[in-house]
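A quick write-up on the structure given underneath.
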Amino acid sequence: MLLDLSGVVYDGETPIPGAVAAIARLRGEGLPLRFVSNTTRSPHHAIIAQLAGFGIVVGRDELFTPARAAIGWLAREGCAPHLLVHPDLVPEFAGNRFGDRKAVVVGDAAEAFTYAAMNAAFRQLIDGAEFLALAVNRTFKDADGGLSLDAGAFVAALEFAAGKQATVLGKPARDFFHAALAGLDCLPAQAVMVGDDAESDVAGALRAGIGAGLLVRTGKYRAGDESLHAPHPSAVVDDLAAAVEWILAHRR
């Protein structure tokens, strides 16, 4: 079981009704869980603490985020990050040993997406820096309940200006889904992804070979999303509790 967080388990600081009990039910059924979030505003420990506040205990190795994937990539490739990310995420990269080559790392920087910051990243790219996108989501559900621009638009602007394609580390990247399953003794075709983003969560998972992708009508979901991106969802359900019902009914 691969579960998205924002829009599936919680909205902002509030658990989605039935989500906590649904996760407990999955645990009780013995289904291994991995939480796969494209959030790039919060460090790993803060997300785990937030979930604990909801009564959901998540082990460090059960949570996969693009920032953690980026740290691994930078270490393997010997690159030091030029960060264009949310200020709350900057400490996640501190204390790690990196090399001398530069890599621009772009996440959802929110108000930090100033012209000066974008231009500084652009100059690094045209000077030869590698280009990492933590995620390329189009939108996210903001605190006021409306949709807001996510990092994807800013990544696309830098790609256009620098003439360089970003390496995507979060969803919908195939390797992100497969890394989440590592160590579970589970083939991709045996896994199910649950998300509120038809493009990054569901279509991305299905393209990565995940066996089923369920789209929930919570979070950023808007009527008709299920028909916008291929492959289409295996099923569209009301919420995580309904997704668990579907999963258990189709369990083999």
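Before moving on, here are some points about what is shown:
- The structure-derived value of semi-axes √(5λ) of the Cα gyration tensor in Å appears in the list (1) 30, 19, 17; (2) 40, 21, 15; (3) 40, 17, 16 under the label (1).
- Listed residues Leu187, Leu31 arranged by accessible area, highest first, probe 1.4 Å: Leu187, Leu31
- Of the listed residues Phe160, Phe113, Phe154, the order by accessible area with a 1.4 Å probe, largest first, is Phe160, Phe154, Phe113.
- Heavy-atom accessible surface of the chain: percent carbon and sulfur, 1.4 Å: 53 percent
- Calculated FRET efficiency, Asp142 to Asn96, Cβ-Cβ distance, R0 = 35 Å: about 0.70 to the nearest 0.05.
- Rounded accessible area of Glu29 (nearest 10 Å², 1.4 Å probe): 80 Å²
- The chain: DSSP helices with Cα axial extent of at least 15 Å and average Kyte-Doolittle hydropathy no lower than 1.0: 151-162
- Convex hull per residue volume in Å³, alpha carbons only, for segment 42-187: 133 Å³
- The candidates Arg97, Arg76, arranged from most to least accessible area with a 1.4 Å probe in the full protein assembly, appear as Arg97, Arg76.
- Reachable aspartates and glutamates, given that their alpha-carbon falls under 12 Å from the alpha-carbon of Lys164 and they are not under 8 places away in the same chain: Asp127, Glu130
- Rounded Å value of the spacing that divides the Cα centres of segment 101-144 and segment 174-224: 25 Å
- Spin-label zone in segment 213-252 - amide nitrogen under 17 Å from a point set 7 Å from the Cα of Ala24 along the C-beta vector: 240-242, 244-245
- Within the assembled protein chains, the solvent-accessible surface assigned to Phe54 is about 40 Å², based on a 1.4 Å probe.
- For segment 66-146, taking Cα atoms only, Rg and Dmax work out to 13.2, 42 Å respectively.
- Here the extension length gained between His178 and Gln190 equals 3.1 nm, from 0.36 nm per residue of separation less the Cα-Cα distance.
- Here segment 102-252 is treated as a sphere whose radius is the Kirkwood value from Cα pairs; by Stokes-Einstein at 10 °C and 1.306 mPa s it diffuses with a coefficient of 95 µm²/s.
- Area of Lys164 that stays accessible when all protein chains are in place (1.4 Å probe, Å², to 10): 60 Å²
The values are calculated or read from the model by the stated rules, or taken from the named source; none is laboratory data. Please read these numbers as outputs of a predicted model, since none were measured by experiment. Cβ coordinates were reconstructed from backbone atoms using ideal geometry, including for glycine residues, and neighbour counts include every protein chain displayed. Only protein heavy atoms, including side chains, enter the accessible area calculation; ligands, DNA and RNA are left aside. Shrake-Rupley method; radii C 1.70, N 1.55, O 1.52, S 1.80 Å.
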